[in-house]
1. Going residue by residue through the stretch 175-187, is there one that turns out to be acidic (Asp, Glu), open to solvent by 10 Å² or more (accessible area, probe 1.4 Å) and within 16 Å of the ligand (Cβ to nearest atom)?
2. Which numbered condition trips up Ser210, out of (1) of a type outside the set (D, E, K, R); (2) open to solvent by 20 Å² or more (accessible area, probe 1.4 Å); (3) more than 17 Å from the chain's Cα centre (by Cα)?
3. Could you identify the single residue in Lys120, Lys116, Lys98, Lys55 that is under 20 Å from the mean Cα position of the chain (by Cα) and open to solvent by 20 Å² or more (accessible area, probe 1.4 Å)?
4. Just to verify a result, which residue in the stretch 330-351, among those that are open to solvent by 30 Å² or more (accessible area, probe 1.4 Å) and in contact (Cβ under 8 Å) with a residue 24 or more places away in the chain, is farthest from Arg241 (Cα to Cα)?
5. Please state which of the following conditions Glu327 fails to meet, knowing it meets all the rest: (1) under 30 Å from Ala40 (Cα atoms); (2) open to solvent by 30 Å² or more (accessible area, probe 1.4 Å); (3) charged (D, E, K, R); (4) touching a residue at least 12 places away in the same chain (Cβ under 8 Å).
6. Only one of (1) out of contact with any helix residue (DSSP H, G or I) (no Cβ under 6 Å at 6 or more places or on another chain); (2) within 15 Å of the ligand (Cβ to nearest atom); (3) of a type in the set (Ser, Thr, Tyr) is not met by Tyr194, so which one is it?
7. Quick check on my filter: what residues within the stretch 26-52 are open to solvent by 60 Å² or more (accessible area, probe 1.4 Å), of a type in the set (Lys, Arg) and free of Cβ contacts under 8 Å to residues at least 24 places away in the same chain?
8. Within the stretch 1-69, which helices (runs of 4 or more DSSP H) (wholly inside it) include 2 or more residues that are in contact with a Phe, Trp or Tyr (Cβ under 6 Å, 6 or more places away or on another chain)?
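The values are calculated or read from the model by the stated rules, or taken from the named source; none is laboratory data. The structure presented is a predicted model; accordingly, all values stated were derived computationally and were not measured. Cβ atoms come from the backbone with ideal geometry, glycine included; neighbour counts cover every protein chain shown. Areas reflect the complete protein model, heavy atoms only, side chains present, ligands, DNA and RNA absent. Shrake-Rupley method; radii C 1.70, N 1.55, O 1.52, S 1.80 Å.
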Amino acid sequence: MSDEAQELRNRQATFAKELHGDDVGSKTGLKALLSKNREAQKEAVTKYLRHWDGKTDKEAEQRRLDDYNEATHSYYNVVTDFYEYGWGSSFHFSRFYKGESFTASVARHEHYLAYKAGIKAGDLVLDVGCGVGGPAREIARFTGANIIGLNNNDYQIAKAKHYAKKFNLADQLDFVKGDFMNMQFEPSTFDKVYAIEATCHAPKLEGVYSEIYKVLKPGGVFAVYEWVMTDKYDENNPEHRKIAYEIELGDGIPKMYPAQVARDALNNVGFEILHDQDLADSDDEVPWYYPLTGEWKYVQTLSDLATFFRTSFIGRKFTTTMVTVMEKVGVAPKGSRDVTLALEEAAVGLVAGGREKLFTPMMLFVARKPEDQSESKSKDKSKK
Ligand SMILES: C[S@@+](CC[C@H](N)C(=O)[O-])C[C@H]1O[C@@H](n2cnc3c(N)ncnc32)[C@H](O)[C@@H]1O
């Protein structure tokens, strides 16, 4: 690891301790938010929002791409508690079937990816951008595999480790700090790799995909739910660009790419694509973005009411108002309101992108690293 990367890693670890404190396990959601170090929270919010200034020109875009690591690190420092409060400990979307509860659909979405990747008991698996470990815990239970979660956010790693211990999965799971654009694992280490709604934080998809290719064993499989703009998206259409920008701003993403860019990137680094499907491009009666809408008709079970209330339009307005008041009277740290506003913008963009089918959070690619590397169609594996 370069001195610069080591220095950034140390700085982020120290900052995370200062911001969140030592005891990260005992508090989640709003309770965790209220216990933050005020000054550090202000700094984290400023670092996250400094690049999202409404500008979508090439220079502004390049600044965001260059600062992807710090910007994403800061983003997850400030949103993790909101995510856990509103959504749970798996930070991703899923398809919904009639009569199926929110938690069942989240788990099924994870099982499906594990099934498509062919993950089985005894496999050594890498979870790229693992969040607080919700999917890794579910997939470890579902398959019996051993999973290492990679994440560049220290707070989330500490939480993931805490939950693994709490749920008696510490033998099967480990969580390590690292940048997925520059992995420190030995080449050809993992039987399978998966990524759920995480690699969209990469400044360039070839960068993260080539790292995944490197650490997979020959013949190993990579399965990903990618966030991409669909073929309907036109970068030169201001309405479309606005939607993409709302998603970028509210989700800490330097640049949303079209599906074809992801497909090309997989091919370019040498993968053989086995499955390529936008799971959102379906006639599902209950759309994937329903928890972010205010449409009660989609709620499937009584147990989903609380989640729906927190994530829906009215619920989010309630949270923003509550957080604004708490910040005003000094209970919530400064910047908390700005975070809820950015998340609101994300929700608006995600629903608009989903309704128009301009955006999908579940572009499923299953890709194989060829057994024989000379089979590889790689054009330039070192591209970053
Ligand atoms: C939307 S969350 C998804 C988390 C998890 N896959 C899940 O579904 O619960 C995206 C994750 O990617 C991680 N991430 C973003 N950029 C990263 C990077 N450069 N290196 C490693 N992890 C990164 C974030 O810290 C976060 O945990």
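1. Our first condition is that a residue be acidic (Asp, Glu); within the stretch 175-187, this holds for 179, 186.
Checking the rest, the ones that are also open to solvent by 10 Å² or more (accessible area, probe 1.4 Å) come to 179, 186.
Pick out the ones that are also within 16 Å of the ligand (Cβ to nearest atom) and you get 179.
Within the stretch 175-187 (the criterion being acidic (Asp, Glu), open to solvent by 10 Å² or more (accessible area, probe 1.4 Å) and within 16 Å of the ligand (Cβ to nearest atom)), the answer is yes, since at least one residue qualifies.
2. (2)
3. Among Lys120, Lys116, Lys98, Lys55, only Lys116 is under 20 Å from the mean Cα position of the chain (by Cα) and open to solvent by 20 Å² or more (accessible area, probe 1.4 Å).
4. Val331
5. With respect to (1) under 30 Å from Ala40 (Cα atoms); (2) open to solvent by 30 Å² or more (accessible area, probe 1.4 Å); (3) charged (D, E, K, R); (4) touching a residue at least 12 places away in the same chain (Cβ under 8 Å), Glu327 is out only on (4).
6. Just one mismatch for Tyr194, condition (1).
7. Correct list: Lys31, Arg50.
8. On the way: elements: 3-20, 29-34, 38-49, 58-66.
The helices (runs of 4 or more DSSP H) meeting that bar are 3-20, 29-34.
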